[in-house]
Amino acid sequence: MRDVAQRVVSMADGMGASYVDSRVVQREREFISVKNEEVEVANSQDDMGVGVRVLVDGAWGFASTNRLDGRSLEKCARRAVEVARGGATVRKYPVQLAPEPEYQDEWIRSVEIDPFAVDMAKKLELLTECSKEMLREGVGVARASLVFERDTQVFANSSGSLIRQVFTESGGSLYALAVNGEQTQVRTYPCTIWHDIQGEGWETIEARDLLGNAPRVASEAVQLLSARPCPEMTTDVIIAPNELALQIHESVGHAVEADRILGHEADFAGTSFIDPDMLGELRYGSEVVNLFADPTLPGSRISYKYDDEGVKAGRVDLVRDGVLVGLTTSRESAHELGLDRSGGCMRANNFDHIPLVRMPNVSLEPGDVSYEDLIASTKKGILLDQNRSWSIDDRRLNFQFGSEAGWLIEDGQITEMVRDPIYADITPQFWSKCDAIADEDDWRIVGYACGKGAPSQDGRVAHGCSHARFTGLKVGGKKS
Ligand SMILES: [Zn+2]
């Protein structure tokens, strides 16, 4: 792989590119799903290829191939150079990159139990048992899924970097759907979107105890059918990590992406209300709100040592004491913003996609109150769990989120379950209502996926957070 990565770089270099980088990626993937005790999907696949990115006359070009012989590599390098030459005729300004040292390094995300070494029969038995347990509670659809991926990746560039990294990840989830002719209710565990994939091995599947949680998940879906709708009120809202992670993703993660802010990228998730002049000025939230990006956090599906531009990763503060102080950047956007270095946030979905600015563990720092005290100190409010629907405008300001379930809180006690809760607000006003965040014992990383770019890429993302309370938030519920 090292040889292929370096060969294609020197080929494009010899064709007149001023900068070249390449990524050779070998991907192993397994996805298994059991629905109502029957195997729905049992998919195992491998692929491998190389993507080459070049700068010619100040414009980017990119091409990829899954054929790794000399002729195919040369054709791929030539295509990337031709694309860049074409782009150079219409570019507004020449691309320039923030400086970055060269590295020769290797980094392997360590896992305790290789998920690909676990017997397929054991995986299918676990999922079938989970499905059976959920059906016993009377749900209409009982689905249990597992997903595993491993990317072995070599990055090389024309500055002399050569970096090998191995990323293994594992996820698994339960989905229970209950119907009664009038309504459809869903409960999931541990996370609605993308099976809460973690940068860990089979041990993460064992730790989440899917089988032990199956009866609860299904019975809550059934209970929701007879729950009353969430009352309309302005109240204190405590948002659970698996819901808050998506809130962070949509109203912070996308909003601070420098490529959106600079107008380089607007597909799929729009632009941003943030302007670079707002750094150090914009009050994003209350004083307890501290947000950061950190790809070096262990255990996440987006933990890495170097990004897909060969930039050594580190922590970037985004919001400090409620004030916007940083953005997620690439080498190109960092130069345009006048920064010394990129924040190391560029990732591509696979060898056949260009890297984009992504959200490397954009997370909310824990607070100093226990989860129990957070609930106990809430006189009147609602606890919201699991996102069910979301919408946010193109500039990441006005949003509405719906949750799978809510529980009313009265005098510090969790009381009645209510269905179809919805809340809405405007990004800086919402984060300014945050008055307390649970401590690090409650803090966890939630693994997500994110669509961005054209052609669209499914990117790995993850967000760390604990339960957080927002005062005076408007909530409501569907009546039917
Ligand atoms: Zn997204």
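The values are calculated or read from the model by the stated rules, or taken from the named source; none is laboratory data. Predicted model, so just to flag it, every value in this text is computed and none were measured. A quick note on method: Cβ atoms are made from the backbone with ideal geometry, for glycine too, and the neighbour counts reach across all protein chains shown.
List of remarks:
- If only residues of the stretch 296-342 that are without any contact (Cβ under 8 Å) to a residue 60 or more places away in the chain and in contact with a strand residue (DSSP E or B) (Cβ under 8 Å, 6 or more places away or on another chain) are counted, the one that is surrounded by the most Cβ atoms within 10 Å (Cβ to Cβ) is Asp307.
- Identity of the residue in the stretch 210-250, among the hydroxyl-bearing types (Ser, Thr, Tyr) and more than 24 Å from Ser391 (Cβ to Cβ), that ends up farthest from the chain's Cα centre (by Cα): Ser226
- Answer from Glu133, Glu169 - the residue that is at negative phi, touching a Pro at 6+ places or on another chain (Cβ under 9 Å) and in a strand (DSSP E or B): Glu169
- Qualifying position, being at pLDDT below 95 and not assigned by TED's automatic domain parsing to the domain that holds Val139, among Ser272, Ser286: Ser272
- Scanning the stretch 421-461 for residues that are among the aromatic types (Phe, Trp, Tyr) and either more than 16 Å from the ligand (Cβ to nearest atom) or out of contact with any helix residue (DSSP H, G or I) (no Cβ under 8 Å at 6 or more places or on another chain) (or both) yields Tyr423, Phe430, Trp431, Trp443.
- Restricting attention to the stretch 369-407, the residues that are more than 28 Å from the chain's Cα centre (by Cα) and either crowded, with 20+ Cβ neighbours inside 10 Å or of a type in the set (Lys, Arg) (or both) add up to 4.
- Any chance Thr192 is assigned by TED's automatic domain parsing to the domain that holds Ser389, buried (at least 16 other Cβ atoms within 10 Å of the Cβ) and either of a type in the set (Phe, Trp, Tyr) or modelled with pLDDT under 95 (or both): no
- Residue match in the stretch 362-370 (condition: in a strand (DSSP E or B), under 17 Å from Gln247 (Cα atoms) and either of a type outside the set (A, V, I, L, M) or at pLDDT 95 or above (or both)): yes
- Residues in the stretch 65-77 that are over 16 Å from Ser18 (Cβ atoms), touching a residue at least 60 places away in the same chain (Cβ under 8 Å) and in contact with a helix residue (DSSP H, G or I) (Cβ under 8 Å, 6 or more places away or on another chain): Leu68, Gly70, Leu73, Glu74, Cys76.
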